[in-house]
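Note sheet for the following structure.
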Amino acid sequence: MSKARKKYQVDVLVCGGGCAGIAAAIAAARNNAKTLLLERAGFSGGIITTVGLPFFDGIADKKTGRIVVRGIPFELLLKMGRTQPNATHIKPHNPTIKSTEQFKVLADQLLESHGEQIKVLYHTTACEVFTQNGRVSKVLAANKDGLIEIEARQVIDCTGDGDIAAWADVPVEKTKPLMPMTLHFRIGNVRQNPQLHTKAREALIQAEKAGKLPMFYGPGIIYCFADDEAYIHAVRVSGDATDAEDLSRAEMQGRSDAWAMFEAWKESVPGFEKSYFINSGPYIGIRETRRLVGQYVLTEQDIRSQKNFDDAIATGCWYMDRHPNHTTIGTANDSGTGYQPAPYDIPYRALVAQRVENLLVAGRCHSATAAAASSTRVTVTAMAMGQAAGTAAAIAIKAKTSVAALNGVDVREQLTAQGAGPFT
Ligand SMILES: Cc1cc2nc3c(=O)[nH]c(=O)nc-3n(C[C@H](O)[C@H](O)[C@H](O)COP(=O)(O)OP(=O)(O)OC[C@H]3O[C@@H](n4cnc5c(N)ncnc54)[C@H](O)[C@@H]3O)c2cc1C
(Lines give C-alpha, C1' and ligand atoms only; values in the text may rest on other atoms or scores of the structure.)
Protein backbone atom coordinates (compact mmCIF):
# COMPACT_ATOMS: atom_id res chain seq x y z
CA MET A 1 0.00 0.00 0.00
CA SER A 2 1.40 3.40 -0.96
CA LYS A 3 2.47 5.74 1.81
CA ALA A 4 1.03 9.26 1.45
CA ARG A 5 3.17 11.88 3.14
CA LYS A 6 0.56 14.64 3.03
CA LYS A 7 -3.25 14.56 2.80
CA TYR A 8 -5.73 17.07 1.44
CA GLN A 9 -9.52 17.14 1.66
CA VAL A 10 -11.27 19.51 -0.72
CA ASP A 11 -14.60 20.06 -2.43
CA VAL A 12 -13.19 20.07 -5.95
CA LEU A 13 -9.92 18.66 -7.25
CA VAL A 14 -8.78 19.91 -10.67
CA CYS A 15 -5.96 17.88 -12.22
CA GLY A 16 -4.01 19.82 -14.86
CA GLY A 17 -3.67 23.60 -14.85
CA GLY A 18 -3.82 24.16 -18.60
CA CYS A 19 -6.44 26.00 -20.65
CA ALA A 20 -9.35 23.99 -19.27
CA GLY A 21 -7.88 23.55 -15.78
CA ILE A 22 -7.34 27.24 -14.98
CA ALA A 23 -10.93 28.01 -15.95
CA ALA A 24 -12.26 24.97 -14.05
CA ALA A 25 -10.47 25.92 -10.83
CA ILE A 26 -11.50 29.57 -11.00
CA ALA A 27 -15.12 28.70 -11.81
CA ALA A 28 -15.35 26.17 -8.97
CA ALA A 29 -13.89 28.67 -6.49
CA ARG A 30 -16.13 31.50 -7.66
CA ASN A 31 -19.09 29.25 -7.08
CA ASN A 32 -17.95 28.69 -3.49
CA ALA A 33 -16.19 25.35 -3.71
CA LYS A 34 -12.90 24.81 -1.88
CA THR A 35 -10.65 23.90 -4.77
CA LEU A 36 -7.25 22.30 -5.23
CA LEU A 37 -5.44 22.63 -8.57
CA LEU A 38 -2.57 20.28 -9.43
CA GLU A 39 -0.21 21.11 -12.26
CA ARG A 40 2.79 19.10 -13.42
CA ALA A 41 4.72 22.19 -14.61
CA GLY A 42 5.98 25.04 -12.43
CA PHE A 43 3.34 27.37 -13.92
CA SER A 44 -0.14 27.14 -15.31
CA GLY A 45 -1.43 27.88 -18.82
CA GLY A 46 -1.01 24.49 -20.49
CA ILE A 47 -0.33 24.73 -24.19
CA ILE A 48 -0.02 28.53 -23.97
CA THR A 49 2.92 28.33 -21.56
CA THR A 50 4.20 24.74 -21.80
CA VAL A 51 4.46 24.95 -25.59
CA GLY A 52 4.57 28.73 -25.93
CA LEU A 53 1.53 29.12 -28.14
CA PRO A 54 -0.07 32.60 -28.20
CA PHE A 55 -3.37 31.78 -29.94
CA PHE A 56 -6.84 32.35 -28.51
CA ASP A 57 -8.64 30.32 -31.16
CA GLY A 58 -12.32 29.55 -30.77
CA ILE A 59 -13.21 32.93 -29.25
CA ALA A 60 -15.11 34.14 -32.33
CA ASP A 61 -16.95 32.95 -35.41
CA LYS A 62 -14.61 33.16 -38.42
CA LYS A 63 -17.32 34.40 -40.79
CA THR A 64 -18.68 37.28 -38.71
CA GLY A 65 -16.07 37.86 -36.00
CA ARG A 66 -18.89 37.51 -33.43
CA ILE A 67 -17.56 36.56 -30.00
CA VAL A 68 -19.14 33.22 -29.14
CA VAL A 69 -17.30 32.45 -25.88
CA ARG A 70 -17.31 34.92 -23.00
CA GLY A 71 -16.72 34.05 -19.33
CA ILE A 72 -13.18 33.35 -18.11
CA PRO A 73 -11.48 33.11 -21.56
CA PHE A 74 -12.93 36.51 -22.47
CA GLU A 75 -11.77 37.88 -19.11
CA LEU A 76 -8.23 36.60 -19.79
CA LEU A 77 -8.20 38.14 -23.24
CA LEU A 78 -9.42 41.40 -21.76
CA LYS A 79 -6.66 41.38 -19.15
CA MET A 80 -4.13 40.75 -21.95
CA GLY A 81 -5.43 43.94 -23.61
CA ARG A 82 -6.78 42.16 -26.69
CA THR A 83 -10.46 43.12 -26.44
CA GLN A 84 -12.83 45.63 -24.84
CA PRO A 85 -15.33 44.92 -22.01
CA ASN A 86 -18.44 45.41 -24.13
CA ALA A 87 -17.07 44.01 -27.37
CA THR A 88 -19.43 41.76 -29.29
CA HIS A 89 -17.01 41.15 -32.18
CA ILE A 90 -13.25 40.77 -32.51
CA LYS A 91 -10.80 41.12 -35.40
CA PRO A 92 -9.05 39.00 -36.33
CA HIS A 93 -11.33 36.19 -35.19
CA ASN A 94 -8.22 34.34 -33.92
CA PRO A 95 -6.39 36.89 -31.75
CA THR A 96 -2.89 36.30 -30.43
CA ILE A 97 -1.53 37.48 -27.10
CA LYS A 98 1.71 39.45 -27.02
CA SER A 99 3.50 37.50 -24.30
CA THR A 100 3.13 33.96 -23.05
CA GLU A 101 5.37 34.92 -20.08
CA GLN A 102 2.90 37.64 -19.11
CA PHE A 103 0.17 35.01 -19.38
CA LYS A 104 1.94 32.93 -16.70
CA VAL A 105 1.88 35.90 -14.31
CA LEU A 106 -1.70 36.75 -15.17
CA ALA A 107 -2.85 33.19 -14.54
CA ASP A 108 -1.01 33.16 -11.17
CA GLN A 109 -2.61 36.46 -10.18
CA LEU A 110 -6.07 35.31 -11.14
CA LEU A 111 -5.69 32.07 -9.21
CA GLU A 112 -4.21 33.85 -6.17
CA SER A 113 -7.00 36.42 -6.19
CA HIS A 114 -9.34 33.72 -4.91
CA GLY A 115 -7.41 33.48 -1.64
CA GLU A 116 -8.13 30.38 0.44
CA GLN A 117 -10.73 29.16 -2.06
CA ILE A 118 -8.02 27.88 -4.42
CA LYS A 119 -4.83 26.12 -3.43
CA VAL A 120 -2.40 25.65 -6.31
CA LEU A 121 0.24 22.93 -6.26
CA TYR A 122 2.75 23.33 -9.07
CA HIS A 123 5.37 20.69 -9.84
CA THR A 124 2.72 18.15 -8.87
CA THR A 125 1.73 15.25 -11.09
CA ALA A 126 -1.41 13.23 -10.46
CA CYS A 127 -0.32 9.62 -10.72
CA GLU A 128 -2.96 7.22 -9.36
CA VAL A 129 -6.71 7.05 -8.82
CA PHE A 130 -8.76 4.92 -6.42
CA THR A 131 -12.47 4.29 -6.86
CA GLN A 132 -14.98 2.95 -4.37
CA ASN A 133 -18.76 2.50 -4.64
CA GLY A 134 -18.89 4.19 -8.05
CA ARG A 135 -16.92 7.25 -6.98
CA VAL A 136 -13.37 8.48 -7.31
CA SER A 137 -12.42 8.14 -3.66
CA LYS A 138 -8.79 9.26 -3.75
CA VAL A 139 -6.22 10.69 -6.14
CA LEU A 140 -2.51 10.29 -5.51
CA ALA A 141 -0.02 12.80 -6.81
CA ALA A 142 3.75 13.11 -6.66
CA ASN A 143 5.69 16.26 -5.81
CA LYS A 144 8.58 17.38 -3.60
CA ASP A 145 6.62 16.27 -0.52
CA GLY A 146 6.69 12.75 -1.94
CA LEU A 147 3.35 11.04 -2.58
CA ILE A 148 0.34 13.10 -1.56
CA GLU A 149 -3.25 11.95 -1.22
CA ILE A 150 -6.31 13.99 -2.10
CA GLU A 151 -9.91 13.25 -1.20
CA ALA A 152 -12.31 15.38 -3.18
CA ARG A 153 -16.09 15.37 -3.48
CA GLN A 154 -15.88 16.12 -7.21
CA VAL A 155 -12.89 15.60 -9.50
CA ILE A 156 -12.21 17.35 -12.81
CA ASP A 157 -9.73 15.81 -15.24
CA CYS A 158 -8.08 18.61 -17.24
CA THR A 159 -4.85 16.73 -17.95
CA GLY A 160 -5.40 16.83 -21.73
CA ASP A 161 -4.55 13.13 -21.75
CA GLY A 162 -7.51 11.91 -19.70
CA ASP A 163 -5.08 10.50 -17.11
CA ILE A 164 -7.60 10.53 -14.28
CA ALA A 165 -10.37 9.03 -16.39
CA ALA A 166 -8.09 6.26 -17.64
CA TRP A 167 -6.80 5.40 -14.16
CA ALA A 168 -10.37 5.45 -12.80
CA ASP A 169 -11.12 2.76 -15.41
CA VAL A 170 -13.97 4.68 -17.03
CA PRO A 171 -14.41 4.29 -20.80
CA VAL A 172 -11.86 6.26 -22.83
CA GLU A 173 -10.65 5.84 -26.40
CA LYS A 174 -7.59 6.54 -28.51
CA THR A 175 -7.73 7.02 -32.26
CA LYS A 176 -5.18 5.27 -34.45
CA PRO A 177 -3.07 6.90 -35.72
CA LEU A 178 -2.93 9.72 -33.21
CA MET A 179 -2.25 13.17 -34.56
CA PRO A 180 1.47 13.99 -34.50
CA MET A 181 3.12 16.13 -31.83
CA THR A 182 4.83 19.46 -32.56
CA LEU A 183 7.63 21.26 -30.76
CA HIS A 184 7.28 25.00 -31.30
CA PHE A 185 10.37 27.20 -31.30
CA ARG A 186 11.48 30.79 -31.67
CA ILE A 187 14.34 32.23 -33.74
CA GLY A 188 15.62 35.74 -33.11
CA ASN A 189 17.28 38.37 -35.30
CA VAL A 190 15.47 37.26 -38.46
CA ARG A 191 15.27 39.72 -41.34
CA GLN A 192 11.80 39.43 -42.91
CA ASN A 193 11.72 39.45 -46.72
CA PRO A 194 9.25 38.37 -49.43
CA GLN A 195 11.24 35.25 -50.40
CA LEU A 196 11.87 33.99 -46.89
CA HIS A 197 8.91 31.61 -46.57
CA THR A 198 9.38 29.98 -49.99
CA LYS A 199 13.10 29.56 -49.43
CA ALA A 200 12.56 28.21 -45.91
CA ARG A 201 10.17 25.61 -47.29
CA GLU A 202 12.65 24.62 -50.02
CA ALA A 203 15.37 24.21 -47.40
CA LEU A 204 13.13 21.82 -45.43
CA ILE A 205 12.35 19.80 -48.57
CA GLN A 206 16.09 19.46 -49.17
CA ALA A 207 16.76 18.56 -45.53
CA GLU A 208 14.13 15.83 -45.68
CA LYS A 209 15.62 14.49 -48.94
CA ALA A 210 19.06 14.47 -47.32
CA GLY A 211 17.70 12.41 -44.41
CA LYS A 212 18.17 15.23 -41.88
CA LEU A 213 14.44 15.55 -41.17
CA PRO A 214 11.94 12.65 -40.97
CA MET A 215 8.93 14.88 -41.75
CA PHE A 216 7.59 18.39 -41.37
CA TYR A 217 4.68 20.65 -42.28
CA GLY A 218 4.24 24.22 -43.44
CA PRO A 219 6.50 25.70 -42.27
CA GLY A 220 4.38 28.03 -40.14
CA ILE A 221 6.50 31.14 -39.65
CA ILE A 222 4.79 33.88 -37.68
CA TYR A 223 6.10 37.21 -36.37
CA CYS A 224 3.66 37.48 -33.49
CA PHE A 225 6.07 38.48 -30.70
CA ALA A 226 8.43 40.88 -32.52
CA ASP A 227 9.14 41.92 -36.11
CA ASP A 228 12.53 40.18 -36.08
CA GLU A 229 11.45 37.09 -34.15
CA ALA A 230 10.12 34.07 -36.02
CA TYR A 231 7.78 31.77 -34.15
CA ILE A 232 7.92 28.41 -35.89
CA HIS A 233 5.52 25.51 -36.06
CA ALA A 234 6.78 22.93 -38.53
CA VAL A 235 8.02 19.94 -36.53
CA ARG A 236 5.92 16.79 -36.79
CA VAL A 237 6.65 13.75 -34.57
CA SER A 238 4.45 10.64 -34.46
CA GLY A 239 3.92 8.91 -31.15
CA ASP A 240 1.73 8.24 -28.16
CA ALA A 241 2.27 10.82 -25.43
CA THR A 242 0.59 8.61 -22.82
CA ASP A 243 3.50 6.18 -23.17
CA ALA A 244 6.38 7.57 -21.10
CA GLU A 245 9.09 6.04 -23.28
CA ASP A 246 7.44 7.21 -26.49
CA LEU A 247 6.96 10.72 -25.10
CA SER A 248 10.64 10.92 -24.13
CA ARG A 249 11.65 9.79 -27.61
CA ALA A 250 9.29 12.37 -29.15
CA GLU A 251 10.79 15.20 -27.08
CA MET A 252 14.28 14.23 -28.29
CA GLN A 253 13.15 13.90 -31.90
CA GLY A 254 11.32 17.24 -31.73
CA ARG A 255 14.40 19.04 -30.39
CA SER A 256 16.63 17.43 -32.97
CA ASP A 257 14.25 18.35 -35.82
CA ALA A 258 13.87 21.94 -34.64
CA TRP A 259 17.64 22.35 -34.54
CA ALA A 260 18.00 20.74 -37.99
CA MET A 261 15.48 23.25 -39.37
CA PHE A 262 17.32 26.17 -37.78
CA GLU A 263 20.65 24.98 -39.19
CA ALA A 264 19.19 24.45 -42.68
CA TRP A 265 17.74 27.95 -42.70
CA LYS A 266 20.81 29.65 -41.27
CA GLU A 267 22.93 27.95 -43.88
CA SER A 268 20.88 28.72 -46.97
CA VAL A 269 17.95 31.10 -46.44
CA PRO A 270 18.49 34.85 -46.83
CA GLY A 271 17.13 36.56 -43.72
CA PHE A 272 18.43 33.91 -41.30
CA GLU A 273 22.17 34.74 -41.66
CA LYS A 274 22.48 36.45 -38.28
CA SER A 275 19.67 34.64 -36.55
CA TYR A 276 19.95 32.69 -33.30
CA PHE A 277 17.84 29.99 -31.68
CA ILE A 278 15.97 31.58 -28.75
CA ASN A 279 14.15 28.60 -27.25
CA SER A 280 11.75 25.75 -27.78
CA GLY A 281 8.92 24.26 -25.76
CA PRO A 282 9.63 23.73 -22.90
CA TYR A 283 7.32 20.79 -23.69
CA ILE A 284 6.47 19.23 -27.03
CA GLY A 285 2.86 20.00 -27.98
CA ILE A 286 0.48 17.05 -27.75
CA ARG A 287 -2.52 17.30 -30.02
CA GLU A 288 -4.28 14.08 -29.24
CA THR A 289 -4.18 11.12 -26.87
CA ARG A 290 -7.08 9.64 -24.90
CA ARG A 291 -10.59 10.99 -25.10
CA LEU A 292 -13.39 10.26 -22.66
CA VAL A 293 -16.28 8.14 -23.89
CA GLY A 294 -18.77 9.93 -21.72
CA GLN A 295 -22.52 10.20 -21.26
CA TYR A 296 -22.64 11.73 -24.75
CA VAL A 297 -20.07 11.55 -27.56
CA LEU A 298 -20.11 14.71 -29.70
CA THR A 299 -19.86 13.85 -33.42
CA GLU A 300 -18.82 15.55 -36.63
CA GLN A 301 -22.45 15.29 -37.75
CA ASP A 302 -23.59 17.18 -34.61
CA ILE A 303 -21.15 19.93 -35.50
CA ARG A 304 -21.98 20.07 -39.22
CA SER A 305 -25.72 20.14 -38.52
CA GLN A 306 -25.34 22.64 -35.63
CA LYS A 307 -27.36 20.29 -33.46
CA ASN A 308 -28.97 22.13 -30.55
CA PHE A 309 -28.57 20.64 -27.10
CA ASP A 310 -30.72 21.71 -24.13
CA ASP A 311 -27.67 21.18 -21.96
CA ALA A 312 -25.26 23.21 -24.14
CA ILE A 313 -22.55 24.60 -21.86
CA ALA A 314 -19.99 25.82 -24.40
CA THR A 315 -19.80 26.94 -28.01
CA GLY A 316 -17.27 25.64 -30.52
CA CYS A 317 -16.47 27.37 -33.80
CA TRP A 318 -12.97 26.33 -34.94
CA TYR A 319 -12.33 24.48 -38.19
CA MET A 320 -11.67 20.74 -38.26
CA ASP A 321 -7.93 20.75 -37.83
CA ARG A 322 -6.59 17.20 -38.03
CA HIS A 323 -2.88 16.81 -38.75
CA PRO A 324 -1.63 13.71 -40.62
CA ASN A 325 1.52 11.72 -39.81
CA HIS A 326 3.48 12.65 -42.90
CA THR A 327 5.02 15.69 -44.53
CA THR A 328 2.59 18.24 -45.94
CA ILE A 329 4.04 21.14 -47.82
CA GLY A 330 2.45 24.57 -47.65
CA THR A 331 -0.67 25.10 -45.60
CA ALA A 332 -3.67 24.04 -47.70
CA ASN A 333 -3.36 20.32 -47.03
CA ASP A 334 -1.93 20.50 -43.53
CA SER A 335 -5.00 19.86 -41.47
CA GLY A 336 -7.39 17.20 -42.70
CA THR A 337 -10.71 18.37 -44.11
CA GLY A 338 -10.31 21.91 -42.83
CA TYR A 339 -14.13 22.09 -42.71
CA GLN A 340 -15.20 25.39 -41.16
CA PRO A 341 -18.39 24.97 -39.11
CA ALA A 342 -20.79 27.66 -37.99
CA PRO A 343 -20.84 28.05 -34.18
CA TYR A 344 -22.19 24.89 -32.53
CA ASP A 345 -23.23 23.54 -29.11
CA ILE A 346 -21.14 21.34 -26.83
CA PRO A 347 -23.42 19.51 -24.37
CA TYR A 348 -22.72 19.06 -20.67
CA ARG A 349 -22.98 15.29 -21.04
CA ALA A 350 -19.82 15.34 -23.22
CA LEU A 351 -17.90 16.19 -20.02
CA VAL A 352 -19.51 13.55 -17.79
CA ALA A 353 -17.77 10.21 -17.26
CA GLN A 354 -19.61 6.93 -17.27
CA ARG A 355 -19.44 4.49 -14.32
CA VAL A 356 -18.22 6.91 -11.65
CA GLU A 357 -20.50 9.69 -10.44
CA ASN A 358 -18.06 12.40 -9.39
CA LEU A 359 -15.77 12.77 -12.41
CA LEU A 360 -15.88 15.40 -15.18
CA VAL A 361 -13.40 15.63 -18.04
CA ALA A 362 -12.80 18.99 -19.73
CA GLY A 363 -10.47 20.26 -22.45
CA ARG A 364 -9.10 18.27 -25.35
CA CYS A 365 -9.84 14.91 -23.69
CA HIS A 366 -13.60 15.47 -23.35
CA SER A 367 -16.04 13.07 -25.03
CA ALA A 368 -16.07 13.56 -28.81
CA THR A 369 -15.17 11.58 -31.90
CA ALA A 370 -11.72 12.22 -33.38
CA ALA A 371 -13.21 14.40 -36.13
CA ALA A 372 -15.33 16.45 -33.73
CA ALA A 373 -12.41 16.87 -31.32
CA SER A 374 -10.27 18.23 -34.16
CA SER A 375 -12.48 21.32 -33.86
CA THR A 376 -13.32 21.37 -30.12
CA ARG A 377 -9.70 20.93 -28.94
CA VAL A 378 -8.60 24.57 -29.38
CA THR A 379 -7.59 26.84 -26.48
CA VAL A 380 -10.69 28.97 -25.91
CA THR A 381 -13.14 26.10 -26.42
CA ALA A 382 -11.13 24.09 -23.87
CA MET A 383 -11.34 27.00 -21.41
CA ALA A 384 -15.10 27.26 -21.93
CA MET A 385 -15.48 23.55 -21.15
CA GLY A 386 -13.29 24.02 -18.08
CA GLN A 387 -15.45 26.84 -16.81
CA ALA A 388 -18.55 24.70 -17.29
CA ALA A 389 -16.96 21.77 -15.45
CA GLY A 390 -15.87 23.92 -12.48
CA THR A 391 -19.30 25.51 -12.28
CA ALA A 392 -21.02 22.12 -12.45
CA ALA A 393 -18.81 20.65 -9.72
CA ALA A 394 -19.68 23.56 -7.41
CA ILE A 395 -23.40 23.24 -8.17
CA ALA A 396 -23.24 19.53 -7.37
CA ILE A 397 -21.56 20.25 -4.02
CA LYS A 398 -24.11 22.88 -3.05
CA ALA A 399 -26.98 20.56 -4.04
CA LYS A 400 -25.34 17.61 -2.22
CA THR A 401 -25.44 15.55 -5.38
CA SER A 402 -22.88 14.37 -7.92
CA VAL A 403 -21.87 15.81 -11.27
CA ALA A 404 -23.24 12.72 -13.06
CA ALA A 405 -26.69 13.24 -11.55
CA LEU A 406 -26.86 16.94 -12.41
CA ASN A 407 -29.20 18.19 -15.07
CA GLY A 408 -26.96 19.98 -17.58
CA VAL A 409 -29.70 22.55 -18.13
CA ASP A 410 -29.02 23.83 -14.59
CA VAL A 411 -25.33 24.18 -15.44
CA ARG A 412 -26.20 26.05 -18.60
CA GLU A 413 -28.49 28.40 -16.68
CA GLN A 414 -25.87 29.14 -14.05
CA LEU A 415 -23.25 29.86 -16.73
CA THR A 416 -25.68 32.14 -18.56
CA ALA A 417 -26.54 33.98 -15.34
CA GLN A 418 -22.82 34.52 -14.74
CA GLY A 419 -22.25 35.97 -18.21
CA ALA A 420 -20.46 32.95 -19.66
CA GLY A 421 -22.99 32.49 -22.46
CA PRO A 422 -24.26 32.91 -25.13
CA PHE A 423 -24.34 29.40 -26.45
CA THR A 424 -24.55 29.45 -30.29
C1 LIG B 1 1.36 21.71 -31.45
C2 LIG B 1 0.00 22.21 -31.15
C3 LIG B 1 -0.47 23.32 -31.80
C4 LIG B 1 -1.73 23.79 -31.52
N5 LIG B 1 -2.14 24.91 -32.14
C6 LIG B 1 -3.25 25.53 -31.69
C7 LIG B 1 -3.59 26.82 -32.16
O8 LIG B 1 -2.93 27.38 -33.02
N9 LIG B 1 -4.68 27.42 -31.61
C10 LIG B 1 -5.41 26.82 -30.63
O11 LIG B 1 -6.37 27.44 -30.11
N12 LIG B 1 -5.15 25.58 -30.22
C13 LIG B 1 -4.08 24.94 -30.71
N14 LIG B 1 -3.76 23.70 -30.27
C15 LIG B 1 -4.74 22.94 -29.45
C16 LIG B 1 -4.92 23.44 -28.04
O17 LIG B 1 -3.86 24.23 -27.69
C18 LIG B 1 -5.04 22.35 -26.99
O19 LIG B 1 -5.80 21.30 -27.41
C20 LIG B 1 -5.58 22.99 -25.70
O21 LIG B 1 -4.47 23.44 -25.01
C22 LIG B 1 -6.40 22.06 -24.87
O23 LIG B 1 -6.46 22.52 -23.54
P24 LIG B 1 -6.32 21.50 -22.35
O25 LIG B 1 -6.53 22.29 -21.11
O26 LIG B 1 -7.16 20.33 -22.61
O27 LIG B 1 -4.82 20.98 -22.42
P28 LIG B 1 -3.49 21.74 -22.05
O29 LIG B 1 -3.61 23.19 -22.32
O30 LIG B 1 -2.40 20.99 -22.71
O31 LIG B 1 -3.38 21.55 -20.47
C32 LIG B 1 -3.17 20.31 -19.84
C33 LIG B 1 -2.37 20.58 -18.57
O34 LIG B 1 -2.36 19.42 -17.74
C35 LIG B 1 -1.06 19.25 -17.20
N36 LIG B 1 -0.96 17.82 -16.88
C37 LIG B 1 -0.94 16.77 -17.75
N38 LIG B 1 -0.94 15.61 -17.09
C39 LIG B 1 -0.96 15.93 -15.77
C40 LIG B 1 -0.99 15.13 -14.59
N41 LIG B 1 -1.04 13.80 -14.63
N42 LIG B 1 -1.00 15.77 -13.39
C43 LIG B 1 -0.96 17.14 -13.32
N44 LIG B 1 -0.93 17.93 -14.43
C45 LIG B 1 -0.95 17.32 -15.62
C46 LIG B 1 -0.14 19.74 -18.29
O47 LIG B 1 1.13 20.11 -17.79
C48 LIG B 1 -0.92 20.93 -18.85
O49 LIG B 1 -0.59 22.13 -18.19
C50 LIG B 1 -2.53 23.15 -30.56
C51 LIG B 1 -2.06 22.03 -29.91
C52 LIG B 1 -0.79 21.56 -30.21
C53 LIG B 1 -0.31 20.38 -29.47
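Among the protein heavy atoms, those of M179 account for about 10 Å² of accessible surface (1.4 Å probe, every chain in place).
In this simple spin-label model, placing a label point 7 Å from the Cα along the Cα-to-Cβ direction at both K398 and Q306 gives a separation of 3.2 nm.
Working value for the chain: equivalent-ellipsoid semi-axes of 35, 24, 20 Å, each the square root of 5 times a Cα gyration tensor eigenvalue, largest first. Peptides 272-283, 348-359 ranked from most to least packed give 348-359, 272-283, packing being the mean of other C-beta atoms within 10 angstrom over each peptide's residues.
Amide H contacts of T327 (H built 1.01 Å from N, in plane; Pro and chain starts excluded): F216 sit under 5 Å, all sequence-distant by 5 or more or on other chains. Anyone know which of Y296, Y339, Y122 comes out most mobile in the 10 Å Cα GNM of the chain? Most flexible of the set in this elastic network: Y339.
Distance from the C-alpha centroid of the range 100-147 to that of the range 286-329: 27 Å, rounded to the whole angstrom. Counted by Cβ distance under 12 Å from R5, the other residues give a net charge of +2, where Lys and Arg count +1 and Asp and Glu count -1.
Bridge orientation summary for the chain: considering DSSP beta bridges with both residues in this region, about 60 percent are antiparallel. For F277 and Q340, the FRET efficiency from 1/(1 + (r/R0)^6), where r spans their Cβ atoms and R0 equals 35 Å, is about 0.50. Note on the chain: dipole from Cβ charges, positive end direction compared against Q195, A370, P54; the farthest Cα belongs to P54. Sequentially through the range 171-183, phi angles give Karplus couplings (6.51, -1.76, 1.60; θ = phi - 60°) of x, 9, 9, 9, 7, 10, x, 6, 4, x, 8, 9, 8 Hz, Gly and Pro residues having no value and appearing as x.
Helices assigned as whole DSSP H runs in the chain whose Cα atoms extend at least 15 Å along their own long axis and whose mean Kyte-Doolittle hydropathy is -0.5 or higher are found at 19-30, 100-112, 379-398. Per residue, the accessible area of the chain comes to 40 Å² when a 1.4 Å probe rolls over the protein heavy atoms. Among I48, I59, I148, determine the one that fluctuates most according to a GNM of the chain built with springs between C-alpha atoms less than 10 Å apart. Checking each option, the largest mean-square fluctuation is seen for I148.
Quick check: from the Cα gyration tensor, does the range 44-185 come out rounded (a/c under 1.5), prolate or oblate? Judged from the Cα gyration tensor, the range 44-185 comes out prolate (a/c at least 1.5, a/b above b/c).
According to the Kirkwood relation over distinct C-alpha pairs, the hydrodynamic radius of the range 129-264 is 18.1 Å.
Placing E149, E413, E116, E75 in order of accessible area, with the largest value first and a 1.4 Å probe, yields E116, E413, E75, E149.
In the range 185-280, the ratio of gyration radius to Kirkwood radius, Rg to Rh, stands at 0.99 when only Cα atoms are counted. Across the protein chains, with a 1.4 Å probe defining accessible surface, the residues W318, W167, W265, W259 rank W259, W167, W318, W265 from largest area downward. The mean sequence separation of alpha-carbon pairs under 8 Å and at least six residues apart, normalised by the residue count of the chain, gives a relative contact order of 24 percent.
The values are calculated or read from the model by the stated rules, or taken from the named source; none is laboratory data. Note that the structure is predicted; figures quoted are calculated from it, not measured. Backbone-built Cβ (ideal geometry, glycine too); neighbour counts: all protein chains shown. All accessible areas refer to the heavy atoms of the entire protein, side chains included, with ligands and DNA or RNA removed. Shrake-Rupley method; radii C 1.70, N 1.55, O 1.52, S 1.80 Å.
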